[in-house]
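Have a look at the structure below before the remarks.
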Amino acid sequence: MTPTSKGFADRLTASTTGHSRISGIGGYRPRRVVPNSEIVDRIDSSDEWIRERSGIIERRWAGEGESVIDMSVFAATPALEMAGISGADVDAVIVATVSWPYQTPAAAPLVAERLGSKGAAFDISAACAGYCHGINLASDMVRTGSAAHVLVVGVERLSDFTSKDDRGTAFIFADGAGAAVVSASDTPGIGPTVWGSDGAQWEVISQTDSWIDVHEKDLGWPHIGMAGQTVFRWAVWGMAPVAQKALDAAGITADQLDAFIPHQANVRIVDAMAKQLKLPADLPIARDIAYTGNTSAASIPLAMERMVRHGEIPSGGLALQIGFGAGLSYAAQVVVIP
Ligand code: UT7
């Protein structure tokens, strides 16, 4: 080994020994509350059916002054405050979203700019699993020394990409933003991530037409379509084993958890996963979907923010979180609650 490569090896070894944790969490829910009664006529449905089949009572749709950027900033502000840092301290901003309406550039640089950060800024597209992908990236960035504080935002304005006439999605998708700050830590705060994809099922949740087809065939504004039953079965039978692997990777068992915060896709999926994981009956489980709908990348941080704000889960306790959706893609990890 040359002296140069020894120095390189020493430096890398020294910089990969750190820990990471979530130091702040924040959320933003758009002002406009949309009850089931506003949706049912156009899709020949009923309040009872939607509640029973999805658990949703109402959701939020964004309006003026509530763009993807606005909502990201509104969610990030309390997260930074809780972390005790300002935007200028943020070394990187990762925005997980599928509803930022520009092909390029990404939303993240604008979010960084609004918050006063000159750090790295980029978006990731992993749909409902995007936030947990972001937490994994942020954790590795902090642990390897390329950042001291990373802001991870999950944000969606899915109402822009949902057909109000589509029976399979009109009642499910909604808008909002959640944000977490991932910071360097003396103790471990983010467990190993279990993640993966199944591209063979690429089409089961997807934009109806490519931008090129929309343009060349004059197809009109596209929306997100979903083969609901197929996704439901995959989520119920495929995701509990992934969540179990995340527990195993963190070296804990279900009875050591203080919270279960899965992606808010459907309350029946949440309940089925809890049953398969044999979670203790008194464990706090996120059911934010009832009043928030399915906000894709935003759903996990929004649900955690509500539970923290209401004092339902203890700071310093352990939460199992799992995101899953279009791709198909998924990611799960155990985190220490901020
Ligand atoms: O976030 C990304 C991941 N997404 C998910 O994980 C979502 C997964 N999928 C789901 O949550 C569920 O599939 C839905 C909530 C979307 C739909 O529930 P479902 O129980 O799978 O409904 P279904 O499509 O099997 O339809 C059951 C029945 C059918 O009637 P028949 O054939 O039994 O008479 C449908 O025609 O319900 C009918 N139906 C509706 N009725 C009233 C389907 N959609 C509606 C509707 N309102 N909107």
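Peptides 247-260, 178-191 ranked from most to least packed give 178-191, 247-260, packing being the mean of other C-beta atoms within 10 angstrom over each peptide's residues.
Packing here is the average count of other Cβ atoms within 10 Å per residue, and on that basis the peptides 160-170, 206-216, highest first, run 160-170, 206-216.
The calculated pair-distance distribution of segment 9-185 uses every alpha carbon pair, bins of 10 angstrom beginning at 0, and gives 11, 35, 29, 17, 7, 2, 0 percent. Of all DSSP bridge pairs formed entirely within segment 194-336, close to 75 percent run antiparallel.
Sites listed here are trypsin sites (Lys or Arg not before Pro) in segment 212-321 whose DSSP assignment is loop and whose Cβ has at most 10 other Cβ atoms within 10 Å: K217.
The stretch between S37 and K164 holds 44.4 nm of extra length on full extension. This uses 0.36 nm per residue minus the Cα-Cα distance. Normalised by the number of residues in the chain, the mean separation of alpha-carbon contacts (under 8 Å, six or more apart) gives a relative contact order of 25 percent.
With contacts defined as alpha carbon pairs under 8 Å and 6 or more residues apart, what's the relative contact order of segment 9-185 in percent?
This gives 35 percent for segment 9-185.
Taking only the C-alpha atoms of the chain, Rg followed by Dmax gives 19.7, 73 Å. Ordering 327-334, 294-301 by mean Cβ neighbour count within 10 Å, with the highest value first, yields 294-301, 327-334.
The simple Förster model, with R0 at 45 Å and r as the Cβ-Cβ distance, assigns A290 and T13 a FRET efficiency of 0.40.
Since every read-out is calculated from the coordinates, none of them should be taken as a lab result. Source: prediction; values computed, not measured. Cβ: placed from backbone, ideal geometry, glycine included. Neighbour counts: every protein chain shown.
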